[in-house]
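Student: To start, I am sharing the structure in question, which I have written as structure tokens.
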Amino acid sequence: MIGGLYSELEAFEAILQHGSFTAAARQLQVTPGAITRRLNTLEARLGAKLLNRSTRRLSLTEPGRHYYAEVAPALAQILAAGERVHDLSLQPRGELRVSLPMNFGRLYVMPRVSAFLERHPGIDLDLQFDDRFVDLIGDGFDAAIRIGALTDSRLVARRIAQTRRILVASPDYLARRGAPSTPAELIEHDCLHYTLFRDTPTWEFQREREPLRVPVRGRLKANYGVPLVEAAVAGGGIVQSATFAVAQELASGQLVEVLPDWSLVPIGIYAVYPGREYRPRKVEAFIDFVEETIGQPAVWDRVIGAGVGGVVGG
């Protein structure tokens with residue numbers, strides 16, 4: 001009975017970790033039918049449905065969430081013990097499923113993926129790009145890169161870099177409209193608003209530790225930063241952005257900083273992973289690599305420093 005229950009729980013964990021019966025079967029080196037049978041047996045044993053199945057995704061039912069919360073720590077200890085034994089003699093291995101912010105992942109992680117895979121031939125990467133803070137545990141991710149405030153206490157976080165928020169615009173726009181000398185003057189400008197920073201178009205500044213919240217207006221807003229940066233380059237207005245997202249444009253002079261004497265709250269960039277007693281070596285290898293290739297001093301600061309971008313206003 002114990003052996004059967006373990007295989008059922010192992011299948012349940014693999015489904016949650018990898019997001020599908022097929023991927024779980026591949027991880028455990030069994031058929032998808034075997035995974036289905038193990039889950040069905042576990043649900044019959046418990047007398048409760050654990051997973052909602054649809055053609056688009058899998059999700060935990062309410063009983064499934066409660067059950068997984070109860071058994072996950074013990075199961076993680078058992079699986080971690082096995083991983084530790086293997087890791088004593090093996091290189092990092094297995095499928096590594098990572099959630100990445102879309103723009104940051106595209107600009108700073110993807111160019112380094114080939115080097116990571118070459119360094120770790122035993123790891124297969126599954127990268128999912130999404131600006132939402134996905135549920136790492138519920139959606140079966142091994143790790144994520146997150147930007148900004150962290151709220152999920154179930155996760156372990158390691159800061160790998162920091163980035164400033166700045167205001168930027170094209171030289172053409174500022175030549176036509178003039179450069180604001182104070183935040184209050186932004187009300188006279190076309191401000192391109194990124195809605196994931198704040199739903200309402202309000203920008204927060206600091207100067208000598210005094211906070212200042214300024215309402216702004218403009219005809220364009222979006223929940224994805226790339227189109228707003230492109231609009232700013234085209235002369236469409238002033239955009240608030242993390243420096244990593246506009247490093248190339250600042251270095252080339254396509255954008256320049258506006259109101260450089262006023263500070264916006266800096267943003268931490270973190271590698272996060274589910275809180276476990278043991279961190280798998282594949283996760284450790286990925287976080288170490290990202291910190292090594294992107295971390296302090298941040299790679300985008302080095303790009304800006306090598307460029308010819310200027311600042312306007314003050």
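The values are calculated or read from the model by the stated rules, or taken from the named source; none is laboratory data. Treat the numbers as computed from the prediction; the structure is a model and nothing was measured. Cβ: placed from backbone, ideal geometry, glycine included. Neighbour counts: every protein chain shown. Side chains are part of the model used for accessible areas, which takes the heavy atoms of the whole protein and leaves out ligands, DNA and RNA. Shrake-Rupley method; radii C 1.70, N 1.55, O 1.52, S 1.80 Å.
Student: Using amide H atoms built 1.01 Å from N in the peptide plane, name the residues 5+ places from residue 126, or on other chains, whose amide H lies under 5 Å from its own.
Tutor: Residues meeting the criterion, in which the H sits 1.01 Å from N, are 96, 97, 98.
Student: Quick one: check the C-alpha center-to-center distance for the stretch 127-199 versus the stretch 8-54, whole angstrom.
Tutor: The two parts, judged by their Cα centres, are 37 Å apart.
Student: When a/c is below 1.5 the answer is rounded, else prolate if a/b is larger than b/c, else oblate, so apply that to the stretch 94-169 with a ≥ b ≥ c taken from the square roots of the Cα gyration tensor eigenvalues.
Tutor: Values: a/c = 2.00, a/b = 1.21, b/c = 1.65.
Cα axes put the stretch 94-169 in the oblate bin.
Student: Please find, in a Gaussian network model of the chain (springs between Cα atoms separated by less than 10 Å), the residue of 35, 137, 78 whose mean-square fluctuation is greatest.
Tutor: So, out of 35, 137, 78, the one fluctuating most is 78.
Student: Jot down the per residue volume, in cubic angstrom and as a whole number, of the convex hull over the alpha-carbon atoms of the stretch 164-265.
Tutor: Taking only Cα atoms, the stretch 164-265 has a hull volume of 89 Å³ per residue.
Student: Okay, moving on. Carbon and sulfur: what percent of the stretch 130-219's accessible surface (1.4 Å probe)?
Tutor: Values: 2300 of 5030 Å².
Taking all protein chains in place, the stretch 130-219 shows 46 percent carbon and sulfur surface.
Student: Give the peptides 222-228, 169-175 in descending order of average Cβ contacts within 10 Å, highest first.
Tutor: The most tightly packed comes first, giving 169-175, 222-228.
Student: With Cβ to Cβ distances under 13 Å as the rule, what net charge do the other residues near residue 177 carry (K, R +1; D, E -1)?
Tutor: Charge balance near residue 177 sits at -3.
Student: Per DSSP H run of n ≥ 4, the term is -39500 (n - 2.57); total these for the chain, divide by its residue number, and report the mean residue ellipticity at 222 nm rounded to 500 deg cm²/dmol.
Tutor: Here the helix-only value at 222 nm equals -12500 deg cm²/dmol.
Student: Could you tell me which of rounded, prolate or oblate describes the chain, using a ≥ b ≥ c as the square roots of the eigenvalues of the alpha-carbon gyration tensor, with rounded for a/c under 1.5 and, failing that, prolate when a/b is larger than b/c and oblate otherwise?
Tutor: Values: a/c = 2.84, a/b = 2.15, b/c = 1.32.
It is prolate, given that a/c is not under 1.5 and a/b is the larger ratio.
Student: Can I ask one more? Please report, in whole Å³, the volume per residue of the convex hull around the C-alpha atoms of the stretch 132-187.
Tutor: Numbers: hull volume 9.0 nm³, N = 56.
Taking only Cα atoms, the stretch 132-187 has a hull volume of 161 Å³ per residue.
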